[in-house]
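Okay, so here's the structure we're looking at.
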Amino acid sequence: MKLGVNIDHIAVLREARRINDPDPVDALSIAKRAGADQITIHLREDRRHINDDDAKKIIELSHLPVNMECSTDDEIIDIICSLKPHRATLVPEKREEVTTEGGLDVIKYFDKISDVVKKLKDNEIDVSLFIDPDFEIIAACVDTEADMIELHTGKYANIYAMLYSNLKYTHNSIKDLELSRAELRDKLSMAIGDIENSAIYANKAGLLVAAGHGLNYQNVESIVDISSIVELNIGQSIIARSIWVGLENAIKEMVQLIKR
């Protein structure tokens, strides 16, 4: 299984003081040395972390493939086409959200997404679609002629956190998941099953499968066990861990977990 390291949160720290340090570009050689397989960045419409200059430098300087997450906004897609990363991952985007809250509605926005997929592929950029684990949505992804999907693991991660991190006793409690431990265990099992079955279905339909969102050193094991998933994209937990052990060690620790 491959590891894509999302370095957005390095830019988040930089933007907290709106200065030029830390520079996300400095993470490129560290990630390669630590055993990562890919660099992932998200060029948001509001440029809240990664900006255009970051994206350009990262693509030019990275010795690892670069996966750029982005919305289907025309201006953003034009930038992606000009920069030519190895892959573009289309994600839903809301200005008010803290982080991406769900997968693309490929059925509702099928025509727009299909047009964007074609434009990216015409520019020799592989395309992945970030979606919730759902057979109907996966079938629509196939029809767009995308190369890959990335399954949103946020629901699984939230259930795991409520079950094992005592979130129900903090201000971070997820109201819909304030359930008994037995109920949370059942929901966790169902969430893992949905991800695994969706990955198998997508593979049979000819799509490569990645996964990501909310994955960390504690909850990644069950996702690693799903053989139909070939890649994980993980960011916040690695950057958070790097505060204590350094970025190289943080990446190495994750590499050991997913390539065991």
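Quick rundown of the values:
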{"item": "Pairs from Lys56/Lys112; Lys121/Lys155; Lys155/Lys259; Lys118/Lys204; Lys84/Lys112 whose Cα-Cα separation, in the structure shown, is over 28 Å", "result": "Lys121/Lys155"}
{"item": "Spacing of the two label points (7 Å from each Cα toward its C-beta) at Lys32 and Asp111, in nm", "result": "4.4"}
{"item": "Proxy reagent accessibility, fewest Cβ within 10 Å first, across Arg33, Arg44, Arg241, Arg260", "result": "Arg260, Arg33, Arg241, Arg44"}
{"item": "For Thr89, residues with placed amide H under 5 Å, excluding near neighbours", "result": "Met68, Glu69, Cys70, Ser128"}
{"item": "Built amide H within the under 5 Å cut-off of Ile7, gap 5+", "result": "Thr40"}
{"item": "Relative contact order of the range 40-160, pairs being alpha-carbon contacts under 8 Å that are 6 or more residues apart, as %", "result": "21"}
{"item": "Selected from Asp26, Asp54, Asp132 as most flexible by GNM, with the chain as the system and alpha-carbon contacts under 10 Å", "result": "Asp26"}
{"item": "Fluctuation leader among Glu248, Glu93, Glu136 - the chain, Gaussian network, Cα springs under 10 angstrom", "result": "Glu136"}
{"item": "Spin-label pair Asp53/Ile174, simplified geometry with 7 Å Cα→Cβ offset, distance in nm", "result": "3.8"}
{"item": "Contact order normalised by residue count of the chain, Cα under 8 Å, 6+ apart, percent", "result": "20"}
{"item": "Exposure proxy order (Cβ contacts within 10 Å, fewest to most) of Cys81, Cys141", "result": "Cys81, Cys141"}
{"item": "Sites Val25 and Val224, calculated FRET efficiency, Cβ-Cβ separation with R0 35 Å, nearest 0.05", "result": "0.75"}
{"item": "Principal semi-axes in Å for the chain [√(5λ), Cα gyration tensor, largest first]", "result": "26, 24, 18"}
{"item": "Derived scalar couplings ³J(HN,Hα) [the range 86-91; Karplus, 6.51 cos²θ - 1.76 cosθ + 1.60; whole Hz; x for Gly, Pro]", "result": "4, 8, 10, 10, 7, 10"}
{"item": "Proximal aspartates and glutamates to Lys2, defined as alpha-carbon separation beneath 16 angstrom and excluding residues fewer than eight positions away on the same chain", "result": "Asp37, Glu150, Glu221, Asp225, Glu231, Glu253"}
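All of the numbers you see were taken from the coordinates with simple rules; none came from a lab. Source: prediction; values computed, not measured. Here Cβ is always computed from backbone atoms with ideal geometry, including for glycine, and neighbour counts include all displayed protein chains.
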